[in-house]
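K.L.:
Starting off with a structure, shown below.
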Amino acid sequence: MAYTEQGGDVLTIEVAAVPGRGELLLTGRLGGHEGVAQAALSYVRALAPQYNIPAEYFSKHDIHIHVPAARCPRRPLGGLPSPQPWPRR
């Protein structure tokens with residue numbers, strides 16, 4: 001969610017897992033809240049066993065998180081991005 005002059009807005013955050021070395025790639029308009037993205041990834045990693053995702057998956061894939069600039073107001077993001085859709089197979 002983000003604060004706007006009209007209230008709040010739910011933001012679409014794009015996430016992709018691609019073969020790689022376990023890096024977290026952040027692009028788009030994060031407003032200096034890169035730590036929020038890292039916290040969301042940590043949450044997903046903690047839930048991985050419940051979704052039968054092997055622990056080594058995260059060391060063999062890069063996670064790319066993108067916040068489209070057109071969707072994000074000038075004010076910074078607040079809260080924790082909802083990571084529920086991430087762990088899909």
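Rule-based calculations on the coordinates, nothing more; no lab input. Quick caveat, the model's predicted, so the values are computed rather than measured.
K.L.:
Check which residues have an amide H placed less than 5 Å from Leu11's amide H, if you skip close sequence neighbours.
P.N.:
Ala2
K.L.:
Run through the DSSP bridge list for segment 2-71 and note the antiparallel percent, rounded to the nearest 5. Walk me through the numbers before you get to the answer.
P.N.:
Working: 9 of 14 bridges.
Percent antiparallel among DSSP bridges in segment 2-71 is about 65.
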